[in-house]
Each structure stands twice: as C-alpha cells, then as structure tokens.
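Each remark here refers to the structure printed beneath this line.
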Amino acid sequence: HIISPLGRSSVSHFHFASFYCCKRLRGPQVTQVFNTLRKHGVTISLDPQLDSEDKWNYPELWDMLTCIDIFLPNETEAQRITEESDLDKAMEKLCKGMPQGLVVMKLGENGAAAGIINQETGQVEVIN
C-alpha cells in the first residue's frame with residue numbers, strides 16, 4: 001500500500017510510465033488515485049511512451065494531466081497528443097492542460113525543453 005491506513009504516504013514520488021500500454025489504468029479511477037496521492041504530499045510524473053494503436057489523444061490522458069506534477073513526453077508524443085506539428089504550440093497546449101505542473105519535452109540529441117504556466121499571468125514560460 002502506498003497510503004497507510006493512518007493516511008501517511010510511504011513514498012514521496014510516484015512515476016507512471018507507458019500510459020498507452022496500460023489500458024486498464026486509464027479512466028477516472030486512476031485520476032482519483034493520483035488526487036489521493038497528491039493530497040498526501042506525493043508528487044507524480046507521467047511518461048506516456050509509444051501509442052501502438054496510434055490514437056494518442058485520449059480524454060483520459062488530459063484528465064490525468066490535471067493531477068500530475070511532471071509530464072515527460074518526447075517531441076513526437078507531444079505533437080501527436082496535442083495534434084500540433086509546431087513544438088511551441090504543442091508545449092503551450094500541454095502546459096495549459098496541466099496548470100499546476102511542469103512539462104519536460106525530450107528533444108533527443110537537442111536536449112529538452114521545459115514549460116510551466118505562470119500562475120500570475122496565465123502565460124506559458126518555456127526554458128530550453
């Protein structure tokens with residue numbers, strides 16, 4: 001058990017990988033678990049990885065983004081999930097989909113870019 005009967009968390013961070021491979025771990029029940037973890041001080045990261053069905057844009061994924069702390073797509077995943085070919089627009093859409101979290105887009109040999117929504121202005125701040 002991650003959360004003890006006393007309401008204490010035994011972990012400080014939970015990483016969920018392979019969203020697309022874990023079909024049974026999609027839907028409102030996972031979002032509820034993530035929200036419970038966050039209430040107990042656990043941070044959550046998500047790396048979507050490859051969608052073998054090539055559908056990408058699942059409503060369940062967008063629901064999960066509202067309750068995670070760090071989203072780790074690569075550039076192709078970000079473009080497919082957001083249906084944006086422009087990486088800046090993809091970053092902006094992802095950041096707006098998770099207003100309390102950080103998006104770290106992996107760019108292969110070009111490193112990574114991080115984006116976060118500015119809570120005061122509502123603007124996306126991108127750091128390369």
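The values are calculated or read from the model by the stated rules, or taken from the named source; none is laboratory data. In this text, all values refer to a predicted model and were calculated from it rather than measured experimentally. Glycine gets a Cβ as well: all are built from the backbone with ideal geometry, and neighbour counts include every protein chain shown. Quick note on the areas: whole protein, heavy atoms, side chains included, nothing else; ligands and nucleic acids left out. Shrake-Rupley method; radii C 1.70, N 1.55, O 1.52, S 1.80 Å.
Scanning the range 67-77 for residues being more than 12 Å from Phe19 (Cα to Cα) and in contact with a Phe, Trp or Tyr (Cβ under 9 Å, 6 or more places away or on another chain) gives a total of 2.
In the range 30-69, what count of residues is obtained for those that are more than 17 Å from Thr82 (Cβ to Cβ), open to solvent by 10 Å² or more (accessible area, probe 1.4 Å) and β-branched (Val, Ile, Thr)? So the answer is 5.
When Ile127 is tested against the conditions (1) of a type in the set (A, V, I, L, M, F, W, C); (2) at pLDDT 85 or above; (3) more than 23 Å from Tyr20 (Cβ to Cβ), the lone failure is (2). When every residue of the range 56-74 is checked against the conditions, none turns out to be more than 14 Å from the chain's Cα centre (by Cα) and of a type in the set (D, E, K, R). Might you check whether a residue that is in contact with a helix residue (DSSP H, G or I) (Cβ under 9 Å, 6 or more places away or on another chain), within 24 Å of Gln32 (Cα to Cα) and of a type in the set (Ser, Thr, Tyr) occurs anywhere in the range 65-86? Within the range 65-86 (the criterion being in contact with a helix residue (DSSP H, G or I) (Cβ under 9 Å, 6 or more places away or on another chain), within 24 Å of Gln32 (Cα to Cα) and of a type in the set (Ser, Thr, Tyr)), the answer is yes, since at least one residue qualifies. For the range 73-81, check the following and say yes or no: at least one residue is of a type outside the set (S, T, N, Q) and surrounded by fewer than 15 Cβ atoms within 10 Å (Cβ to Cβ). The answer is no; no qualifying residue exists.
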